[in-house]
1. Within the range 75-96, work out how many residues are closer than 10 Å to Val111 by Cβ and without any contact (Cβ under 8 Å) to a residue 12 or more places away in the chain.
2. For the range 331-352, what are the residues that are touching a residue at least 40 places away in the same chain (Cβ under 8 Å) and not aliphatic (A, V, I, L, M)?
3. In this structure, is Ala348 under 22 Å from Asp95 (Cα atoms), modelled with pLDDT of 95 or more and touching a strand residue (DSSP E or B) at 6+ places or on another chain (Cβ under 8 Å)?
4. Would a scan of the range 15-24 turn up a residue that is modelled with pLDDT of 80 or more, within 20 Å of Pro126 (Cα to Cα), part of a strand (DSSP E or B) and under 23 Å from the mean Cα position of the chain (by Cα)?
5. Could you please give the count of residues in the range 322-339 that are buried (at least 24 other Cβ atoms within 10 Å of the Cβ) and in a helix (DSSP H, G or I)?
6. List the number of the failed condition for Ala213; all other conditions in (1) under 19 Å from Met302 (Cβ atoms); (2) of a type in the set (Gly, Ala, Ser); (3) at pLDDT below 95; (4) assigned to a loop (DSSP other than H, G, I, E, B) hold.
7. Can you report the number of residues in the range 274-297 which are touching a strand residue (DSSP E or B) at 6+ places or on another chain (Cβ under 7 Å) and assigned to a helix (DSSP H, G or I)?
Amino acid sequence: MHEERKKEGQKLTQETKQNKDVLILAIESSCDETAAAVVKNGREVLSNIISSQIALHTLYGGVVPEIASRKHIEKINQVIEEALSEAEVTLDDIDAIGVTYGPGLVGALLVGVAEAKAISYAKNIPLVGVHHIEGHISANYIENKNLEPPFACLVVSGGHTHLVVVKDYGEYEIVGRTRDDAAGEAFDKVARAIGLGYPGGPKIDRVAKEGNANAIAFPRAKVGDSQYDFSFSGLKSAVLNYINGCNMKGEEIVVEDVAASFQKAVTDVLVDHAMSAVKEFGFQKLAIAGGVASNSALRAAMKAACKKNGVEFYYPSPILCTDNAAMIGAAAYYDYKKGARSDLSLNAVPNLKLGER
């Protein structure tokens, strides 16, 4: 009788552990947003605090790494305290700390990693290093409660353009990537060339609404030896050549038409590649992620293509597309549940590849 009660008690203890809510304190500092969040069970955001440096870097036409690092140092403690306060928890309630450790700006990453390691050591809380792109993909889990792997995901941001097969939580295969400029990088460079300034993505999105997307025939590049790889360098050069040609001939440049035509050229390629991959790999689910995923033209075109092809389409809210800590908390939760842990030797890896640890 005693042994039976003991076994029953052990079973109840195990069930309690399995059913216990898991709270992740997440930290993100890979570029120019200092962010902290508290995420419950990978999908419920209790707080998501973001301190943006956009206004500061706009003065220089882009992110200045040294300035970004210094601002992270100034803001990191503040955003963490605010995230805990808004979530109405303390560090004693936290089950694990998730932190972006790559890819990104090395100085910026180091601030977040050092902070996470310090808290982990001081409070004896497990540490989970998170890949930044895995975070962007995981942002889709927060608002789409029914989304589970496997599915295809198009990641489009300032530094990355990846077409990813999400095999399982934390398991990825990159089937397509940019050979040169990322989509977001092309947006920034073209925006600068037509006088819109930084950050380029939102400004082109806004101005393009007033333009004719078919006014200028910009190229749609294909990479000969890989049908899913991207190339936006030629498109960027075509826009610059068009602008220079107009200036030399004394012709008027209609900024709205240039923005709309460029945006459509990028969108057409992204949608075409994504739809081809979904068909070839037999997926019925497609998600998008990253800063450019908040672009209204891309969302509309992808939504229409998915509807036409009978594919379920998932996308995060704009606030979860840009860099934030909630997405890092979502990714960290699934890594934590699978037993992933980082020790205090965790370091920033600016060129970290997706799938590496």
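1. Initially, the range 75-96 is screened for residues closer than 10 Å to Val111 by Cβ, giving 75-76.
From what is left, the residues that are without any contact (Cβ under 8 Å) to a residue 12 or more places away in the chain are none.
Residues flagged as closer than 10 Å to Val111 by Cβ and without any contact (Cβ under 8 Å) to a residue 12 or more places away in the chain within the range 75-96 amount to 0.
2. Answer for the range 331-352, where residues must be touching a residue at least 40 places away in the same chain (Cβ under 8 Å) and not aliphatic (A, V, I, L, M): Tyr333, Tyr334, Asp335, Tyr336, Lys337, Lys338, Arg341, Ser342, Asp343, Asn347, Pro350, Asn351.
3. Values: under 22 Å from Asp95 (Cα atoms): no; modelled with pLDDT of 95 or more: yes; touching a strand residue (DSSP E or B) at 6+ places or on another chain (Cβ under 8 Å): yes.
Taking the combined requirement at face value, the residue does not satisfy it.
4. yes
5. Qualifying residue count, the range 322-339: 9.
6. For Ala213, the exception is condition (3).
7. Initial filter on the range 274-297 (touching a strand residue (DSSP E or B) at 6+ places or on another chain (Cβ under 7 Å)): 274, 277-278, 281, 283-290, 292-293.
Now drop any that are not assigned to a helix (DSSP H, G or I), which leaves 274, 277-278, 281, 292-293.
Looking only at that region, the number is 6.
The values are calculated or read from the model by the stated rules, or taken from the named source; none is laboratory data. Here the structure is a predicted model, which means the values were calculated and not measured. Methodologically, a virtual Cβ is constructed for each residue, glycine included, from the backbone with ideal geometry; neighbour enumeration extends over all protein chains shown.
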